[in-house]
1. From the residues in region 31-59 that are β-branched (Val, Ile, Thr) and loosely packed, with under 11 Cβ neighbours inside 10 Å, which one is nearest to Tyr97 (Cα to Cα)?
2. May I ask you to say which residue of Gly56, Gly66, Gly61 is over 30 Å from Ala35 (Cβ atoms) and outside any helix (DSSP H, G or I)?
3. If we keep just the residues of region 89-104 that are hydrophobic (A, V, I, L, M, F, W, C) and surrounded by 10 or more Cβ atoms within 10 Å (Cβ to Cβ), which is nearest to Val40 (Cα to Cα)?
4. Yes or no: Glu67 among the acidic types (Asp, Glu) and surrounded by 10 or more Cβ atoms within 10 Å (Cβ to Cβ)?
5. Pull out all pairs, ordered by first then second residue, where Cβ-Cβ is under 7 Å, the residues are six or more apart or on different chains, the first lies in region 36-59 and is without any contact (Cβ under 8 Å) to a residue 24 or more places away in the chain and of a type in the set (Phe, Trp, Tyr), and the second is part of a helix (DSSP H, G or I) and surrounded by 12 or more Cβ atoms within 10 Å (Cβ to Cβ).
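Every number here is computed from the coordinates shown, using simple stated rules; none is lab data. Note that the coordinates shown come from a computational prediction; the quantities given were computed from them, not determined experimentally. Methodologically, a virtual Cβ is constructed for each residue, glycine included, from the backbone with ideal geometry; neighbour enumeration extends over all protein chains shown.
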Amino acid sequence: MNTTELVAAAWSTATHAADVLALIPAAEPEPKGIATENIVTFFASKIAPILLAVLGVIFIGRASKGEISKVLTSSAIAIVGLAFIAGAATLFFVGDYLIDLIFE
């Protein structure tokens, strides 16, 4: 086997290896984190209205039975719960702002 045949065989093997390597998909980039905005939006737009509707049905059912004091108590508890949820969401966004401010 002379030099030209050896180079031709090596070149053919190298190009075949390059073609095979080109077919292998590149590694996917690392995820940067969880998209919490999408999760919060989902809960606010889909879950919260359903829970409020269930509470409304319960309150209407109790009011029709004449249990006004239980309806008022449950309504007050629900309003306090919504205030806590709103406060937690506010702290979430304020905390995000503070972290961005401190670590810039």
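1. Going through the qualifying residues, I end up with Thr36.
2. Gly66
3. Ala89
4. It is true that Glu67 is among the acidic types (Asp, Glu) and surrounded by 10 or more Cβ atoms within 10 Å (Cβ to Cβ).
5. Phe59/Val71; Phe59/Ser74; Phe59/Ser75
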